[in-house]
Each structure stands twice: as structure tokens, then as C-alpha cells.
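The values are calculated or read from the model by the stated rules, or taken from the named source; none is laboratory data. Because the structure is predicted, anything quoted here is derived from the model rather than measured. When we count neighbours, we look across all protein chains shown, and the Cβ atoms used for this are built from the backbone with ideal geometry, even at glycine. Accessible surface areas use protein heavy atoms only, side chains included; no ligands, DNA or RNA. Shrake-Rupley method; radii C 1.70, N 1.55, O 1.52, S 1.80 Å.
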Amino acid sequence: MRPDSGNALVFKPTRACPARCDFCCDPREASRERLRRTEMLALLERLTEAVPGLIRTVGFTGGEPFLVFADVQAVLERAAESGLGGAVVSSSHWAKSAAEARQRLSALAQAGLQRYSTSCDPEHLRFVPLERIRHAVTAALDLGLAVTVTGTFADPGASVASLLGEDLAAQVACEDKLIAPFGRATGQAATARRYGLPTDPAAWGCYRRLGHDILVQPNGDVLPCCATNNTINPLVFGNIRAGDDPTEIVQAITRSFLLRVLKFESFATLRALVTAHAPNLDWPDPAHASGPCGYCAEVFGDVERATVILEALAQAQPAYRQQLARQAGLSEATLSAPAEL
């Protein structure tokens, strides 16, 4: 199975974080919003019973999930009982020694953790000493966990490997990313034009082509991804604290026509479908974005624009389905209609 396939239920239990990175897309570390352990367990229980097989992985992001370590451990244990894999994204600030790193990650591995992800770049290193990151990465590797180390840089060509050390970099998946101008990085010159990157919307689409990161925010909002637009995207599919049915929320995400276009097609296709019914809509310049995720955030960060896009897609959907049917040599009736936009 491809690494970008399958649905992940991702909890963001807290916005609190020991770091104050200048490019953070959600710089609300002082927020007191929290996802309670009972809420996470109840949602996991509901989805695994109501829609078996829909979720492949249960993950944690932040903020800093290790600030609610006991909750993470408890939810991972319950996920493992349902045969689900576990993943955690952390700054590694807590790995003050090799022994502590081993002790904490061993506890999570026994609970069902399979993948550990951390960060290593000049900005993170202002708050988390490199030796702590190396402690955590080494312990994770020794425990047989898959490890990803991500660096967010202001300049193309900068790399995680040069900071982490070639010895560890050779054993992990290194991701070198560029700053996206959102959250605390708003106003920074973080654009594709500045970086000299190609800006072809026909080649830009959602990074998770064959699945969704179904993100639950600390306030209960549920979104279809955990990329940079998770703080400004108005396309929230529901809220688990507002009485919205969790199963209906998740099914709406997996049936979304909008997400289908962005995952299997591109932003160019989205624009073509929308323009046919809203020819005067103002679209952001891709060169002002830092990449596909940044462009997605810019497109849907404007509530009025997002509303027009959804209304236009509702009109475009029947013709799109007919086109798919013709291409597949099928009658339109054989295709199941998506339930949501």
C-alpha cells in the first residue's frame, strides 16, 4: 500500500508548545483549548464501530502532544486494540537524555506507536537542543519505529541531514520544506516566486492523494487535513462538541466532491470547473504561494471565495460525473454520487 494511502484520524489535543517558531502556522501556544481523553476515546470508539476499516492510523500532532503524554498513550492503546497503527509528531523537547527518550518512546511503542516524527531546522533548534532530537531519533530507531525528520527552511537547498547528522539522516526519512506565509510567518517573503519554484496549478493537488488526514482540533472542529490551512480554512466539516454526528462528519469528508477533485485532479481542474459557472471569481496568484498546501490555504482562506467555489462545484458536479462515466465506458447510473461538496 502506498504511504500516502489510507485515512488517518489525527488528534490535535493541545495548541500548547514549548517552542515559538517564527513560521508556526498555529501560533496560539497560550490557548487553553484541550481535547479531553474521553472525547478522543469516544470518537475513536464510534468510528471503529460505525465505519469499520475506514481509519488505518491514529495520529497525534500539536502543539506538543507529549504535554498530554498519558492521554496519547491511552488512545494509542485503544487504537491498537482495533488493529490501527499509531503515529506521533513531536518537537522532542522532552528527550533530555538517551534514557528518558528510550523510556518514553518504549512506553508508546508498547501502546501501539509505529511512527515517530520530529523537526530539525534552525528555528526549532532555538528552542530544542540538537542532542534531544538525536536522543529521540536514536531511541525510536532502536525500538524499530519508522522515523521522519522534517526541516522547515527559508532557503532552498537547506537540509535536515546537514543539521541532524549524516549518521542518523541515512536511517530516517528526511523532509526538507520551505516556509509557508501563514500564522506567525504571515508577511514573510515565503513565495514560490522568491524560491524560484515552478507554479503550475495543473501539477498542484492535495499531498494526500489516496486518503485523508481527518484532523480534530482542540475546540472540536473537524477538518480534512492537518496542513497549513488548518487554522484559517472555513471548510470545517463539523464539530464533535456541537452535537454533530462523528460518523456523518467523516463520511462527508470521504465523499467530498471538492476533495475528490483536489486529490485526483489538480487546482487547474478545480479552477476550470468553477470558472464555467463563476467566470468572474478572483483567484490568488500561485506565485504568491509557497506550494500546493500554501495555495490551498490562500484559496480557501477567503470565506466569500470558498462559498462561491462550493456553489459552482454543485453546478459542475453532474457534468463531471458524466464525463467520468464516458471515460470509463460506464453508464452514469453505475457511479455512486458523492454525498457532499
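What translational diffusion coefficient, to the nearest whole µm²/s, does the chain have by Stokes-Einstein, given a Kirkwood radius computed over alpha-carbon pairs, a temperature of 20 °C and 1.002 mPa s viscosity? Please list the in-between numbers first.
Details: Rh = 21.1 Å.
This corresponds to a translational diffusion coefficient of 102 µm²/s.
Tell me the angle of helix 303-328 to the major Cα principal axis of the chain, expressed in degrees between 0 and 90 and rounded to the nearest ten.
It is inclined by approximately 70 degrees.
How much accessible area per residue does the chain have, in Å², with a 1.4 Å probe?
Dividing the accessible area of the chain by its residue count gives 44 Å².
Put Arg126, Arg260 in order of accessible area, largest first, 1.4 Å probe: what do you get?
Arg126, Arg260
Using a simple charge model, +1 on the beta-carbon of Lys and Arg, -1 on the beta-carbon of Asp and Glu, nothing else, what dipole does the chain show about its Cα centre, in debye to the nearest 20?
It works out to roughly 260 debye.
At 1.4 Å probe size, with no ligands or nucleic acids counted, give the accessible surface of Glu175 in Å², nearest ten.
80 Å²
In the chain, what percent of the accessible surface is made up of carbon and sulfur (1.4 Å probe, ligands and nucleic acids excluded)?
Numbers: 7600 of 15060 Å².
Its accessible area is 50 percent carbon and sulfur atoms.
For a quick check of understanding: with a 1.4 angstrom probe and all protein chains in place, what accessible area in square angstrom does Lys177 have, to the nearest ten?
My reading of the accessible area for Lys177 is about 100 Å².
Compare Leu273, Leu330 by solvent-accessible area with a 1.4 Å probe and give them largest first, with all protein chains kept in place.
On the way: Leu273 30, Leu330 85 Å².
Sorted descending by solvent-accessible area, the residues read Leu330, Leu273.
Straight-line reach from Lys12: which lysines have a Cα under 20 Å away, not including same-chain ones fewer than 8 places off?
Filter leaves no residues.
What shape does the stretch 136-279 have by the C-alpha gyration tensor, where a ≥ b ≥ c are the square roots of the eigenvalues, rounded means a/c under 1.5, and otherwise prolate means a/b greater than b/c and oblate the rest?
Oblate, because a/c is 1.5 or more while a/b does not exceed b/c.
Please give the solvent-accessible surface of Arg34 in Å², to the nearest 10, using a probe radius of 1.4 Å with every protein chain present.
The accessible area of Arg34 comes to roughly 90 Å².
Would you list, by chain and number, the aspartates and glutamates whose Cα falls below 20 Å from the Cα of Lys177, excluding same-chain residues fewer than 8 positions away?
Straight-distance partners of Lys177: Asp4, Asp22, Asp26, Glu64, Asp121, Glu123, Asp155, Glu166, Asp200, Asp213, Glu298.
Which Cα, out of Leu310, Thr186, Ala161, lies furthest along the positive dipole direction of the chain (beta carbon charges, K/R +1, D/E -1)?
Ala161
From the square roots a ≥ b ≥ c of the eigenvalues of the alpha-carbon gyration tensor of the stretch 143-223, which class results: rounded (a/c under 1.5), prolate (a/b over b/c), or oblate? Mind showing how you got there, number by number?
On the way: a/c = 1.60, a/b = 1.08, b/c = 1.48.
Here the stretch 143-223 falls in the oblate category.
Leaving out same-chain residues fewer than 8 places away, which aspartates and glutamates sit with a Cα under 15 Å from that of Lys96?
Glu131
Evaluate the relative contact order of the stretch 132-243 (contact order divided by residue number), counting alpha-carbon pairs under 8 angstrom at least 6 apart; express in whole percent.
About 16 percent, as a whole number.
Please report, in debye to the nearest 20, how large the charge dipole of the stretch 80-218 is about its Cα centre when each Lys and Arg carries +1 at its beta carbon and each Asp and Glu carries -1 there.
Dipole size: approximately 300 debye.
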